[in-house]
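Since every read-out is calculated from the coordinates, none of them should be taken as a lab result. Small disclaimer: the values here were computed from a predicted structure and weren't measured. With ideal geometry, Cβ positions are generated from the backbone for all residues, glycine too; neighbour counts draw on all protein chains shown.
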Amino acid sequence: MTPLELIAGALIALGAVFFIAGTVGVLRFPDIFCRLHALTKADGLGLGLVALGVGLLAASPGAVVRIALVWFFVVVASATCSHLIARHALERARRERS
Amino acid sequence: MTPDLIYGVTGIAVFAIGLVGAIVAQNRLRRVLALKLCSVGAGFVLIVAAWRSPPDAPDPVPHALVITGIVVMVSATAVALALIRRLHSLEAEDDA
Amino acid sequence: MTLDPLTLVVFAPLFGAMAAFVAPRAAAAIGLATMALTGAAVAWLATEVHAAGAVRTPLGGWEPPLGIALRADGLSVAMLVLTTGVGLLVSLGALDSFKGTANARLQQYFWPLWLLLLTGMNGVYLSTDIFNLYVMIEVIALAAVGLTVLSGTRAALRAGLEYMYASILGALLFLLGVGFVYLQIGQLDFAGLIGAEPSAAMSTALALMVVGLLLKTALFPLHFWLPSAHANATAPASALLSGLVVKAALYIFLRLTTYMPLPDEILVALIGALGAGAVLWGGVQALRAERLKMLVAWSTVVQIGLIFIAFARAGQVGLTESWKAAALLILAHGAAKAAMFLSAGRIKDEIGHDIIRDLDRTPVRPTLAQFTFALAAISLIGLPPSLGFIGKWSLMEGAMAAGYWHWVAVTMVGTLMSVGYFSRVMAGFLRFDRVRAPVAEHQGWALADLPPLVLALGAIGLGLAAAPILSFIELGYPFGMTP
Amino acid sequence: MTSFLGGILVVLLASVLGGLVRVFRGPGAADRLMAAQLFGTAAVAMLLILSQVMAMPALLDVAMVFALLAAVTLVAFVALSARGRPQ
Amino acid sequence: MIDTMVIFDLLLAVAVVALAVASMTTRDMFAAIVLFVVFGLLSALAWVRLSAPDVALAEAAIGTGVTGALLLRTLHHVQTVERKAAPEPLPVPMGVQIANAAFCGLLTLGLAAAFAGAPRGGPGFDLLVADAMSISGVDHPVTAVLLNFRAYDTLMEVVVLLAAVIAVWQIERGLSDAPAPALGEVWQGFARLTLPAIVVVGTYLLWVGSSAPGGAFQGGAVLAAVGLLLLLSRLYVPRPSHRGAARVAFVLGTGAFAAVALLVTGGGRMPFEYPLEHAKTLILLIEGLVTISIAVTLAALFHGREPVALPERAAGTGGRDDA
């Protein structure tokens, strides 16, 4: 195993830890807003670390560019979707209160 | 244990689940889901038939067939769903 | 351009469908022109098959097994002639029954859907590849469901949805069968199927494909979707669905079992037994039906059963001859049933209902439609000299020769029952006792009376031409008989 | 390295499958959907790793499509329910 | 040492089956659809494991993405157009459930036994395809099969799609008069950024299809996602006057495909037999037009009705609803 592979492996493993944390959060946190908080952490950081690790192992520059793009898409989409879900939940809560 | 054996049995199980679902389900939407499961199950079997143990490249023909099957299935699903919506609207009209 | 008739038979209706959809106002004109062109292509193909026995075109220049070839022999051409002939006449009938601005929308959607249906059916009759057959039956399924629900009534939509579920499930069972075939022998074309070693995978494949096809062709007890779908569609759609569409799956069944023979005598007998079940159960339901169109739809269940009895009439060894009896019955039923549904639709349009109990010699008597109905019934019951008679006779002759008297008995019972249920209708046409208003003369003949009359006369008259028909469908040896 | 990455894949898959319990439990549609979103992201991560394990760079394109379509499905849901029920 | 990939495969297989069961048995229909979408993603992952990235792409984009959106739209319709006398589903007795499960199990066992007896990695078209690749006009085997060796199937596949959109237009009609959903500024920023990005990805998939996994169907489905977003956010609202253009777009792919297939017979060739020197151009042309048709058709299937003004009576239920 080369040092590069070691670093990549460590990054990917750390990413997996964030995913586990996110899952635990989604399962255990009391309300939807807390759960969303946990979810976005897992999304952004977990995937970011995995992408970084895989990017280090990737053979071609083309692959690195695509990995970066994938990560970027996920972060933007996940942020927007979390926002939309939160909005939706908030509206729902307001409507039910009134 | 090679992937083809594992996923072949998976596909067959999925088809069987979909078949039973399509026969017994009462909800119209659920029956559409069940049929969709059948199509994925059949897709599994074809893709398994194409699999060759690496580094051999898989047989491309079944892949093309499954892609065709996926497009056919989305078409059929869309028509079934349109029927469900229209029927629901009409039945709601009857109730009113 | 060097066109060949095989390609034209599939592509002409396809282009017609697209044109009719893009130009909805000209849909009817485009539709009729397309029907004429398709008819010409079929005629051209028929002369080529007559001269050469069987013709084929490897599409893309790729020979099977890699590519797909279109192939036509006597049986394919017979099915194509039935489809285009009945289709053309039903189209003419549709022209009249969809006239007027109120029906503009029906007109506008009938043509593209019907022409796509024609594309699919023609494609089936020329196909030599099991996966291609799967795609074709899906084309048929979607177009047929579209036609079923054309009227937009609740009953039609409900029946259409059931039909859709059954159709998709049948096609998917067929697809899984294709998967098993590929798994075992890695072939998709008919020629590749011949002589495959018997194996568990191939038997499973055959079982899956046959069940899928029986569901699509509505053999008892998988017929549950058919009566309401066929009875609730508009008359031209019913005629197409009952006369033609169920035959496509039936045809695939006939072809498939040639290349992948049923492995055991018991299975042939089982198919026959299901056919017998259809004849008896369908007969009982037709005797009990309250509506005319429902009765006609149940009679389709009976006739499908009869065709499967013809298939099984002499067991496994008799199959090389039995298919001819089945084919004759397919042709006879196609023409007669289309005529019957069209005339039933005319009767319903004229007198405003189709309750059998209330049929009588009303003042607005659609005489010609009633006459046509009776003619079609003659062929369906199987009175000489109709094509239906020849088909039934050929069924019973083969069964007797093979000593399978039970098939003869079932056929006789089925015939008696059909006399019974058609008499219910005929008696209604002739009833004087309940007529309140004085019986006037009929209202004159409508153009829409002509197509069913021609179809019914065809179903009867073709019985006289049974010998040439039989020798034509044997061209190219569809079932692998040695010359 | 392959079997190490395989181990990571197993851990990732097991973890998100656990998260699916949220789909059953709900209570709201938003909760169910959120679990699905987590699942989509994890699937993207798994595809990235698989592209390395199976030496198939084409999987990066699959990952890209996964990422985009997960977003579209979510937006579809929110936009449909934002239009709401007739009051 | 145990191969961890085998454990991954086993876990994935169990998860696929479990999700299939769950989507059939969950009471809440929304949960069932979400589980089905997850099931689709997992199946696509499994197909990746079977070295079928093309199919995984198609399943993710069409089988799961577009189908999921269609299902959600229909569920929303069914739930918002309230029925007063909606029939309560009968509870399924335990005995029936057990019988169903047993039937399902037996069926699986029977089919699996037949499957286990079949040769694996067995006969196929590998060699034939490999031989013909050099004269197919493209470098990617799946694309060569779809657009050259078995182009007739693919033509009929787009015919199925055309039949679907005609049937759907015939079944349902009406204009959407609901106001645009309030999605907020974040969404608007997202739309501005994402919509062009999706167009680029879709086009890229189409273009890459001749040499790598991708192609008309996957590209078309991704482009259809743009249409879905436009329809959902009401950035585009279908009008009766758009019908002519829509009809042309629906038939464009099928028409061009069929026309090319016939026109190449000019030089004494068979239908679909592309002249070698133009094969690549023709295939790309067909794929490009088919992609447009697929994208527009899938978006129209999602919209789900012919955009035509309804007569007053039917406007109550037919017209008012989503998308």
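Just from its helices, what would the mean residue ellipticity at 222 nm be for chain E, if runs of 4 or more DSSP H residues each count -39500 (n - 2.57) and the sum is divided by every residue, rounded to the nearest 500 deg cm²/dmol?
Numbers: 13 runs with 214 residues, N = 323.
Computed mean residue ellipticity for chain E: -22000 deg cm²/dmol.
What FRET efficiency do you get for E:L276 and C:L3 if R0 is 22 Å and r is their Cβ-Cβ distance, rounded to the nearest 0.05?
So the FRET efficiency works out to roughly 0.50.
Run the paramagnetic zone check for D:F4: 7 angstrom along Cα to Cβ, then residues of segment A:15-54 with backbone nitrogen under 13 Å.
A:53-54
Name the shape class, rounded, prolate or oblate, that the alpha-carbon gyration tensor gives for chain A, where a ≥ b ≥ c are the square roots of its eigenvalues, rounded holds for a/c under 1.5, and otherwise prolate holds if a/b is larger than b/c and oblate otherwise.
On the way: a/c = 7.04, a/b = 2.12, b/c = 3.32.
It comes out oblate by the Cα gyration axes.
Can you give the charge dipole size of chain A about its Cα centre, rounded to the nearest 20 debye, using +1 on the beta carbon of Lys and Arg and -1 on the beta carbon of Asp and Glu? All intermediate terms of the calculation are to be shown ahead of the outcome.
Working: 9 positive and 5 negative charges, 94 e Å.
Charge dipole, chain A, about its Cα centre: 460 debye, nearest 20.
Given H placed 1.01 Å from N in the peptide plane, which residues other than close sequence neighbours of C:V55 have an amide H under 5 Å from its amide H?
Excluding prolines and chain starts, which carry no amide H, the hits are C:A72.
Give me the one-decimal nm value for the distance between modelled label points at A:R95 and C:T320, 7 Å along each residue's Cα-to-Cβ direction.
7.2
Which number comes out as Rg/Rh for segment C:1-261 once both Rg and the Kirkwood Rh are worked out on C-alpha atoms?
On the way: Rg = 18.4 Å, Rh = 18.8 Å.
Ratio of gyration radius to Kirkwood radius for segment C:1-261: 0.98.
Quick one: among E:F302, E:F115, E:F257, which has the greatest mean-square fluctuation in a GNM of chain E with alpha-carbon springs under 10 angstrom?
Comparing E:F302, E:F115, E:F257 in the GNM, the peak value goes to E:F115.
Kindly work out what percent of the DSSP beta bridges joining two residues of the protein assembly as shown are antiparallel, to the nearest 5. Mind showing how you got there, number by number?
Details: 7 of 8 bridges.
Percentage antiparallel, nearest 5: 90.
Once every DSSP H run of n ≥ 4 in chain C is given -39500 (n - 2.57) and the sum is divided by its residues, what mean residue ellipticity at 222 nm do you get, rounded to the nearest 500 deg cm²/dmol? Provide the component values of the computation, followed by the final result.
Details: 19 runs with 345 residues, N = 483.
Helix-only estimate at 222 nm: -24000 deg cm²/dmol.
Which Rg and Dmax, in Å, describe the Cα atoms of chain D?
Cα-based Rg and Dmax for chain D come out at 15.8, 58 Å.
Along Cα→Cβ, 7 Å out, is where each label goes; now give me the distance between the ones at C:A104 and B:D56 in nm to one decimal.
6.3
At 222 nm, what value in deg cm²/dmol follows for chain D if DSSP H runs of at least 4 each add -39500 (n - 2.57) and the sum is divided by all its residues, to the nearest 500? Show your work: numbers first, answer last.
Values: 4 runs with 73 residues, N = 87.
Mean residue ellipticity at 222 nm (helix-derived): -28500 deg cm²/dmol.
Efficiency by 1/(1 + (r/R0)^6): what FRET value for E:V14 and C:I194, r their Cβ-Cβ distance, R0 = 35 Å, to the nearest 0.05?
Details: r = 40 Å, r/R0 = 1.14.
The calculated FRET efficiency here is 0.30.
What are the principal axis extents of the Cα atoms in chain E, in Å, biggest first?
64, 59, 38
Tilt of helix A:3-28 relative to the longest C-alpha principal axis of chain A, in degrees (0 to 90, nearest 10)?
10
With axes computed from alpha carbons, what is the tilt in degrees of helix C:367-381 against the longest principal axis of chain C, rounded to the nearest 10 within 0 to 90?
It is inclined by approximately 40 degrees.
Once amide H atoms are built 1.01 Å from N in the peptide plane, which residues 5 or more positions from C:R291, or in another chain, come under 5 Å H to H?
So C:R291 has HN proximity to C:I356.
Put a dot 7 Å past each Cα toward the Cβ at C:A402 and C:L32; how far apart are the dots in nm?
4.7
Within the set C:K99/C:K324; B:K36/C:K293; B:K36/E:K280; C:K99/C:K348; B:K36/C:K324; C:K247/C:K392, which residue pairs have Cα atoms separated by over 28 Å?
Working: C:K99/C:K324 40 Å; B:K36/C:K293 33 Å; B:K36/E:K280 34 Å; C:K99/C:K348 16 Å; B:K36/C:K324 38 Å; C:K247/C:K392 17 Å.
In this structure, C:K99/C:K324; B:K36/C:K293; B:K36/E:K280; B:K36/C:K324 exceed 28 Å between Cα atoms.
Of A:L36, A:L47, A:L27, which has the largest mean-square fluctuation in a 10 Å C-alpha GNM of chain A?
Sorting by GNM fluctuation, first place goes to A:L27.
Against the longest principal axis of chain C, how steep is helix C:405-430, in degrees 0 to 90 to the nearest 10, with axes from Cα atoms?
That works out to roughly 30 degrees.
Which Cα, out of C:T38, D:G28, C:V410, lies furthest along the positive dipole direction of the protein assembly as shown (beta carbon charges, K/R +1, D/E -1)?
Farthest towards the positive pole: D:G28.
Indicate the gyration tensor shape class of segment C:219-340 (rounded, prolate or oblate), computed on the Cα atoms with a ≥ b ≥ c the square roots of the eigenvalues: a/c under 1.5 is rounded; otherwise a/b larger than b/c is prolate and the rest oblate.
Values: a/c = 2.34, a/b = 1.71, b/c = 1.37.
Verdict is prolate for segment C:219-340.
Taking beta carbons within 10 Å but only from partner chains, what does the mean come to for residues C:159-170? Before the final figure, lay out the partial values.
Values: counts 0, 7, 10, 2, 1, 10, 11, 1, 4, 14, 8, 0.
Going residue by residue through C:159-170 and averaging, the value is 6.
Kirkwood Rh and Cα-based Rg: tell me the resulting Rg over Rh for the protein assembly as shown, rounded to two decimals. It would help to have the intermediate numbers written out before the result.
Numbers: Rg = 29.0 Å, Rh = 29.8 Å.
Rg/Rh for the protein assembly as shown comes to 0.97.
In terms of the Cα gyration tensor, with a ≥ b ≥ c the square roots of its eigenvalues, is segment E:176-289 rounded because a/c is under 1.5, prolate because a/b exceeds b/c, or oblate? Working shown, then result.
On the way: a/c = 4.97, a/b = 1.89, b/c = 2.63.
Oblate, since a/c reaches 1.5 and b/c is not below a/b.
What net charge do the residues around B:A25 carry, taking every other residue with its C-beta under 15 Å from that of B:A25, with Lys and Arg at +1 and Asp and Glu at -1? Each step should come with its number before you reach the end.
Numbers: positive: B:R28, B:R30, B:R31, B:K36, E:R27; negative: C:E162, E:D28.
Counting the neighbours of B:A25, the net charge comes to +3.
Kirkwood Rh over alpha-carbon pairs of segment C:263-483, then Stokes-Einstein at 20 °C and 1.002 mPa s: what D in µm² s⁻¹, rounded to an integer? Numbers along the way, then the final one.
On the way: Rh = 18.1 Å.
Translational diffusion coefficient: 119 µm²/s.
Which residue, E:A151, E:A132, E:A300, has the most motion in a Gaussian network model of chain E that connects Cα atoms within less than 10 Å?
Evaluated over chain E, the most mobile residue of the options is E:A132.
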